[in-house]
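Here the structure comes first, spelled out in structure tokens, and everything after it is commentary.
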Amino acid sequence: MVETPKLIENIRENVIDVDSEDQIEKLVKDAINQNMDIVKVIDALSSGLDTVGNLYESKEYFLSELLISGDRAKKGIDLLKPFIAKEQDRFLGKIIFGSVKGDIHDIGKTIISAFLIGAGFVVYDLGVEVTADQFISAIQEHDADILAMSTLLTSCLEEMREVIKKLEEKGLRNKVKVIVGGRPVSKEFADEIGADAFAFYPQEAIQACKKLIQKK
Ligand code: B12
């Protein structure tokens, strides 16, 4: 059996080295079997993607490599999900989650949503490229407490503002709290568009959503 720090490094490397054999499922299963800290495994996957992002930026990697790495990281996270989630019979609140219209990135959203489920929220994940109307229908259908929106694309930031505007138009803004996140999103931007919270790390997102529920 591979020892813990080596296994973590192998997971990270397997996300980065797209020419190597895809061993992500085997490696993540090994980590699970060793009762490894789930947060450390997620960090290894995220840190691998971060390096890949830098390689893409410096033009050493192309879109095809991004796709392979993204796919590997996602498979790893999917395997971890059941270990993050706890029993949901006593839930804290209902959250509608999605990547905004125009954006197909969903790894960060998947991580945060898994952690929120683990913390005791019910999360309705609408997937990617979610339009304002789809967010609104889901909020009404599920009588949601929180709307969580994600984007990784600078070009999609304005879509978050649009969704909040539509919530106001529909008279829903006082009913639902809004949290936003994703790489180009900042606290300043969240304030500017009138969101209630911003978070980057999973633990921050959990704390922020707990606070939002208390404020309701
Ligand atoms: C993997 C990846 C892809 C994969 C996505 C696979 C998938 N299923 O998601 C693929 C190959 C499909 C892809 C496509 C594209 N990509 Co891309 N991609 C990446 C990459 C390498 C990693 C993204 C990622 O998953 N990171 C790991 C996660 C864990 O981090 P995260 O999303 O930031 O999430 C964290 C926080 O932000 C937070 N969070 C996220 N969402 C939310 C929401 C809430 C509510 C909260 C509280 C928190 C939160 O939680 C996470 C944990 O802390 C990044 C580079 C990078 N370093 O980020 C580029 C990157 C995001 N992509 C980029 C681009 C340009 C594209 C394309 C437009 C490329 C193209 N020319 O077609 C397309 C997008 C097409 C579209 N319409 O969306 C650019 C964006 C530039 C910009 N500023 O707009 C980046 C930054 C690469 C670069 N350096 O140029 N990409």
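The values are calculated or read from the model by the stated rules, or taken from the named source; none is laboratory data. Bear in mind that the values here come from a model prediction, so they are computed numbers and not experimental data. Positions of Cβ are generated from backbone atoms using ideal geometry, with glycine treated the same way; all protein chains shown enter the neighbour counts.
Inspect the stretch 148-158 for any residue being in contact (Cβ under 8 Å) with a residue 12 or more places away in the chain, small (Gly, Ala, Ser) and away from the ligand (no atom under 12 Å from the Cβ) and give the result as yes or no. Walk me through it before giving the result.
In the first step, residues of the stretch 148-158 are kept if they are in contact (Cβ under 8 Å) with a residue 12 or more places away in the chain; the result is 148-157.
Still in the running and small (Gly, Ala, Ser): 148, 150, 155.
From what's left, away from the ligand (no atom under 12 Å from the Cβ): none.
Within the stretch 148-158, none of the residues are in contact (Cβ under 8 Å) with a residue 12 or more places away in the chain, small (Gly, Ala, Ser) and away from the ligand (no atom under 12 Å from the Cβ).
Taking residue 207, is it within 20 Å of residue 114 (Cβ to Cβ), polar (S, T, N, Q) and in contact with a Phe, Trp or Tyr (Cβ under 9 Å, 6 or more places away or on another chain)? Walk me through it before giving the result.
Values: within 20 Å of residue 114 (Cβ to Cβ): yes; polar (S, T, N, Q): yes; in contact with a Phe, Trp or Tyr (Cβ under 9 Å, 6 or more places away or on another chain): no.
No; evaluated as a whole, the condition is false for this residue.
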- Task: Go through the stretch 30-82 residue by residue and tally those that are of a type in the set (D, E, K, R), in a helix (DSSP H, G or I) and more than 19 Å from residue 104 (Cβ to Cβ).
- Result: 4
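Looking at the stretch 33-67, which of the residues that are charged (D, E, K, R) and near the ligand (Cβ under 8 Å from one of its atoms) is nearest to residue 4 (Cα to Cα)?
Filtering the stretch 33-67 for residues charged (D, E, K, R) gives 37, 40, 43, 50, 57, 59-60, 65.
This time we only want the ones that are near the ligand (Cβ under 8 Å from one of its atoms), so: 50, 57.
Working: 50: 21, 57: 31 Å.
This residue is 50.
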- Message: Please go through (1) near the ligand (Cβ under 9 Å from one of its atoms); (2) at pLDDT 90 or above; (3) in contact with a helix residue (DSSP H, G or I) (Cβ under 9 Å, 6 or more places away or on another chain) for residue 104 and return the number of the only condition it doesn't satisfy.
- Response: (3)
- Would you please list the contacts, defined by Cβ atoms under 6 Å and residues six or more apart or on different chains, that run from a residue in the stretch 189-215 that is of a type in the set (D, E, K, R) to a residue that is crowded, with 20+ Cβ neighbours inside 10 Å and in a helix (DSSP H, G or I)? 196/212
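Based on this model, can you work out whether residue 28 counts as at pLDDT below 85 and of a type in the set (Val, Ile, Thr)? First the steps, then the outcome.
Working: at pLDDT below 85: no; of a type in the set (Val, Ile, Thr): yes.
Answer is no for this residue.
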- Among residues of the stretch 187-204 being touching a Phe, Trp or Tyr at 6+ places or on another chain (Cβ under 7 Å) and over 20 Å from residue 101 (Cβ atoms), the residue farthest from the ligand (Cβ to nearest atom) is 187
- Selection within the stretch 184-207 - out of contact with any helix residue (DSSP H, G or I) (no Cβ under 7 Å at 6 or more places or on another chain) and modelled with pLDDT under 95: 200, 201, 203, 204, 207
